[in-house]
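Take a look at the structure below.
The values are calculated or read from the model by the stated rules, or taken from the named source; none is laboratory data. None of the values given here were measured: they were computed from a predicted structure. Heads up, the Cβs are rebuilt from the backbone with ideal geometry, glycines too, and the neighbour counts pull from every protein chain shown.
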Amino acid sequence: METIEIKNHQDKKHGITSFFYKWMREAYLPTLTMIFFFVLWEVLIRLLEVPRYILPAPLAIFKEFGKNFPLIWSHTLVTANETFIGFAIAVVVGVPLSICVAFSETLRRTVYVGSVALGMVPTIAFAPLFVVWFGFAFASKMVVVFWVCFFPILINGIFGFISLSDELKYFSQSTGANQITTFWKIRLPAALPQVFLGLKGGAINATIGATIAEWIGGSAGLGYYIQVATGDFNMRLALASIIMLTLVGLLLYFLVVLVEIKLIPWHESQRDNV
Amino acid sequence: MKRKWLTGNRITIFYGTLLIIIWECWLRLFEIPVYLLPKPSGIVVKFIQHFPLILEYTWITGIESFGGFFVSIALGIPLSLFIAFSDFLRKTLYPSIVALQLVPKIALAPLFVTWFGFGMMPKFIIVFLLCFFPILLNAILGFTSLRQELQNFALSTGADPLTVFWKVRLPAALPQIFVGFKWAAVNATVGATIGEWIGGDAGLGYYIQIASGDMKMDLAFAIIVMLAFLGLVLYFLVVVFEKILTPWHVSQRSSVHGGGMVGMQ
Amino acid sequence: MVDEFIRLEGASKCYDSKKGPINAVAPMDLSINRGEFVSFLGPSGCGKSTMMMMIAGLLGCTEGSIHIDGERVVKPQTNIGIVFQNLVLVDWRDVLGNVLLQVEMRKLKVKDYETKARELLASVGLEDFLNHHPYELSGGMQQRAAFCRALVHDPPLVLMDEPLGALDAMTREQLRKDLEKLWMATGKTFVFVTHDISEAVQLSDRVIIISPRPGRVDAEFTIDLPRPRDFNVMQSDKFHHYVKEISSIFMRYGVI
């Protein structure tokens, strides 16, 4: 009799509560860990009486964030503008260019090689040049963001469009389709996953570009504000701004992911949540 | 059909040289001031003129980049082992690390300068932060993706965990680990440059800032060339080690650098 | 009545490499009739795939010539269907879409071919999988779809390069039956490349034995067995006799 009762009890776990248990099982450990670290942070600061100009406690950061919200928000909007528009331009220029480069050996040996070389130089080194050329206004910030997003998008795009397996090549040839048909029906869909890898790489870089641009010649934006806050030893504000900056980057990244899900629902990365 | 002369590497050399020549002539012809765009000849001249100082600063930036890079390896690889082989740590620590990876660490540069002053320390820390995460995450990926068949094989030999690690897990993980190393190598000099820019008194990044502040773009470009060269040296060091340690791997067989995201700042 | 469809005359293939010229295919004379099921049988690396590619026009002849239906092959042939060993189905289309890709690439009207595509897929048992993506199917199912794609535009000639090579034994047996069924239903000329002796005997009207590199036609076997070649036929003495004869040739080569 006992064994049957135990079985019944276990069966109860399916159904309503199983969903709750599943969520608990998967998310509770990481969430608990993060909460643990925040609490630890708060406790250590208070215990060791760390002055707030060295490292502020999480609660203090939140307080400061709340106090200065309107200002932080206006800076966020400025940076967001630079980030999103610069990224968009990089996509509009980078993707078509990567197609052209993939199909021309001359372009590959010049534009591609040059891009790899230029991309290795820290953007901040070119930033003053951009300011000289485009002024201190919005335009130069956009150029820096463009620069920083352009290389991952271009280089990954080239990879995507260059590769065509032998078998697919033979298949296209056997159908007698011309280059354009082969491109639209085979090369383009096949390239999309790699193109999106480049877009995601660009999205990650975008906020960094905006920050650097604002450091060089800015009077608004989160990067600029971080510098100002740090100069005033207001670490709480600086960290709060960094959090906002992260969120802007995350937003752009997830927008790209959304488009990716719409455009390539068949791809592996949509199946495995990699 | 006549065989084309302009093929392969010659295309790069030909157009590269053509570009430099046009660049030089255009600027001379239209008398474009140096602060808008420097002439290649001017860059070379300034490079030679200021070579001693450039070299000295290269040494400093080099120490910051290479040092931060190697420290992140020294800390990152052991930590990756702990995380990869402990279920508990993987479920708790790993998501937090992935979350931290999303924070644009470069934006923290002003804070580090405020905390640690103008010396080498803040640069080290920035380089370390930029290198640490890719190295750590790729190493964890490498150690945790041992194929099931290899795991079963290792178990069937009855070997102790240490032997399994040295003979199977580590070699299998090396290619992915090197992906992390290459990524970090590209970013190391970036971190050092930004650190010097925000708060430095020495180094190539600092020097570029000074030069461009004075509108001496030819000097700035000369230093940029040196900076790029420094980054390449570190990258190629990693590539050489990769060839030595994993000569058997697919990526070493052809000259295709395929797969995965390319080109991060 | 013999109706010659494909003719190879002294066709050979020679590659330049750093270590000197590589003779892949020695000058070959061969004739394939319309509606025949012909196998190129030989050990790995003997050049049989190269021969198939030459017939398809995807590789050129170094010497000699190949004629299909009286016309010389000088460029990639388009009036063919082609199936490879490794999956040539595209990730981003479902099964029906993959078959219709053949039609779309040729700028033909999809509407005209959709029924045919569905019929072909149903005849190989894939009628419930029309909207599935390749990654959701097993290897055998994917190859069945590949066969349908090679047939949907009604080409007179179908070339197959070890299409069953990547599949497990049971799936291979099933697919051989399906392949024979398709051939008998469509009456097309099938050129089939394989290294499996009993597979060649089971499927073909004629088996062409290719020697190890440089490949040349060493022997031809006309397989006189009733169709469809079911389990009983495969157990018959005659079947075993063919397999034994062909095996002894390969033993002479030292490959078995």
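Go through (1) within 12 Å of chain A (Cβ to nearest Cβ); (2) in a helix (DSSP H, G or I) for residue B:125 and report which single condition fails.
(1)
Given the structure, is residue A:211 buried (at least 21 other Cβ atoms within 10 Å of the Cβ), free of Cβ contacts under 8 Å to residues at least 12 places away in the same chain and at the interface with another protein chain (Cβ under 9 Å from one of its Cβ atoms)?
Criteria not met by residue A:211.
So, in region A:159-173, of the ones that are closer than 22 Å to residue C:148 by Cβ and within 33 Å of the chain's Cα centre (by Cα), which residue ends up farthest from the other protein chains (Cβ to nearest Cβ)?
The extreme case among them is A:165.
Only one residue in A:243, A:264, A:204, A:186 is among the hydrophobic types (A, V, I, L, M, F, W, C), away from chain C (no Cβ under 14 Å) and buried (at least 18 other Cβ atoms within 10 Å of the Cβ), so which one is that?
None of the other options fit; the residue is A:204.
Considering only residues that are out of contact with any Leu (no Cβ under 8 Å at 6 or more places or on another chain) and at the interface with chain A (Cβ under 8 Å from one of its Cβ atoms), look in region B:191-220 and name the one that is modelled with the highest pLDDT.
Out of the qualifying residues, it is B:194.
Residues that are modelled with pLDDT under 75: find the helices (runs of 4 or more DSSP H) completely inside region A:1-112 holding 3 or more of those. Walk me through it before giving the result.
Values: elements: A:2-11, A:16-48, A:58-67, A:69-102.
So the answer is A:2-11, A:16-48.
Is it the case, given these coordinates, that residue A:101 is in contact (Cβ under 8 Å) with a residue 40 or more places away in the chain, more than 8 Å from chain B (Cβ to nearest Cβ) and under 26 Å from residue A:217 (Cα atoms)? Steps first, answer last, please.
On the way: in contact (Cβ under 8 Å) with a residue 40 or more places away in the chain: yes; more than 8 Å from chain B (Cβ to nearest Cβ): yes; under 26 Å from residue A:217 (Cα atoms): no.
Against the criterion (in contact (Cβ under 8 Å) with a residue 40 or more places away in the chain, more than 8 Å from chain B (Cβ to nearest Cβ) and under 26 Å from residue A:217 (Cα atoms)), residue A:101 does not qualify.
I'm trying to understand the selection: among the residues of region A:183-239, which are within 23 Å of the chain's Cα centre (by Cα) and aromatic (Phe, Trp, Tyr)?
Across region A:183-239, the qualifying residues are A:196, A:215, A:224, A:225.
Quick test of your reading of the structure: residue A:198 fulfils all but one of (1) away from chain B (no Cβ under 13 Å); (2) under 30 Å from residue A:78 (Cβ atoms); (3) among the small types (Gly, Ala, Ser). Name the failing condition by number.
Only one criterion in (1) away from chain B (no Cβ under 13 Å); (2) under 30 Å from residue A:78 (Cβ atoms); (3) among the small types (Gly, Ala, Ser) is unmet by residue A:198, namely (1).
On the given criteria, is residue A:127 out of contact with any Pro (no Cβ under 6 Å at 6 or more places or on another chain), in the same structural domain as residue A:105 (by TED's automatic domain parsing) and more than 22 Å from residue A:96 (Cβ to Cβ)?
Yes: the conditions hold for residue A:127.
From B:221, B:236, B:229, B:181, grab the single residue that is over 17 Å from the mean Cα position of the chain (by Cα), part of a helix (DSSP H, G or I) and either without any contact (Cβ under 8 Å) to a residue 12 or more places away in the chain or surrounded by 16 or more Cβ atoms within 10 Å (Cβ to Cβ) (or both).
Values: B:236 fails: over 17 Å from the mean Cα position of the chain (by Cα); B:229 fails: over 17 Å from the mean Cα position of the chain (by Cα); B:181 fails: over 17 Å from the mean Cα position of the chain (by Cα).
Every option except B:221 fails the conditions.
Scanning for something in a helix (DSSP H, G or I) and within 12 Å of another protein chain (Cβ to nearest Cβ), does region B:136-157 turn up at least one residue?
yes
With at pLDDT below 90, over 21 Å from residue A:250 (Cα atoms) and within 13 Å of chain C (Cβ to nearest Cβ) as the only criterion, which of A:176, A:135 stands out?
A:176 is the lone residue from the list that is at pLDDT below 90, over 21 Å from residue A:250 (Cα atoms) and within 13 Å of chain C (Cβ to nearest Cβ).
Evaluate the following for residue A:124: is it within 30 Å of residue A:242 (Cα to Cα), at pLDDT 90 or above and within 7 Å of another protein chain (Cβ to nearest Cβ)?
So residue A:124 does not fit the description; no.
Have a look at C:137, C:203 and point out the one that is at pLDDT 90 or above, of a type in the set (A, V, I, L, M), over 23 Å from residue C:34 (Cβ atoms) and out of contact with any Gly (no Cβ under 8 Å at 6 or more places or on another chain).
The match here is C:137.
Using beta carbons and a limit of 6 Å, which pairs, at least six apart or on different chains, have the first residue in region A:29-52 and without any contact (Cβ under 8 Å) to a residue 12 or more places away in the chain and the second one surrounded by 12 or more Cβ atoms within 10 Å (Cβ to Cβ)?
Final answer for the pair search is A:29/B:91; A:29/B:92; A:30/B:95; A:33/B:92; A:33/B:96; A:34/B:96.
If residue C:95 meets every condition in (1) surrounded by fewer than 20 Cβ atoms within 10 Å (Cβ to Cβ); (2) of a type outside the set (D, E, K, R); (3) at pLDDT 90 or above; (4) within 30 Å of residue A:260 (Cα to Cα) apart from one, which number is that one?
The number of the failed condition is (1).
Would you mind finding the one in B:193, B:144 that is in contact (Cβ under 8 Å) with a residue 40 or more places away in the chain and over 18 Å from residue B:80 (Cβ atoms)?
Going through B:193, B:144 in turn, just one is in contact (Cβ under 8 Å) with a residue 40 or more places away in the chain and over 18 Å from residue B:80 (Cβ atoms): B:193.
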